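The values are calculated or read from the model by the stated rules, or taken from the named source; none is laboratory data. Nothing here was measured: the structure is a model prediction, and the numbers come from that model. Cβ placement follows ideal geometry from the backbone for every residue including glycine, while neighbour counts extend to all protein chains displayed. Heavy atoms of the whole protein, side chains included, go into the accessibility calculation; ligands, DNA and RNA do not. Shrake-Rupley method; radii C 1.70, N 1.55, O 1.52, S 1.80 Å.
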Amino acid sequence: MFSKLILCVAATAVGAARLGYGPPQGRAPGGGSAGFRPSGPQVPILRDDRQGPDEFGNYNFNFETGDGISRQEQGAPQPPTGAVASQGGWSFTFPDGTPARFNFVADGDGYRVESDLIPTPPPLPPHAIAQIEKARREDAAGGSGSQFGGSQFGGSRPSAPRPGFQSGAPGGNYRYP
């Protein structure tokens, strides 16, 4: 088993060397870019502004690349827990030319993203809204709210086996009415 592992590692190393991965020729291992070679043209970074986090935990950043990708975010601790609330967004362009913009808020109420590209569910039909309102009225009146005896899962469970149920020897021997 160990010899198969060594063989797989050796084959992977040979294959990677043939494809041009690994340390560049003339460099010692561990030096420079550790064998990373970007494919295609490099994309310039047009903006890279970063501030913080400061001694209070406040931060913000904003960057933009030459291919139209941008990302920005601001955050600050919120009393009384000191949990950081943040807001920001990102944008890019799809290959077909469609612009994509997303904004978000992350705070005590959760993480919320807004975008015209995020699908939204269709509106509830009137009969569903009527059922929800009826359930709210029943809950407010203190009713059970269920036609099955007080539980949304079909009433209370019996404490004893139902009549006609027998448990015999291990492995079964069950009889139902």
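Observations on the model:
- Per-region count, the range 45-68, residues of a type in the set (Val, Ile, Thr) and surrounded by 15 or more Cβ atoms within 10 Å (Cβ to Cβ): 1
- Number of positions in the range 69-97 that are out of contact with any Lys or Arg (no Cβ under 6 Å at 6 or more places or on another chain) and either assigned to a loop (DSSP other than H, G, I, E, B) or open to solvent by 50 Å² or more (accessible area, probe 1.4 Å) (or both): 18
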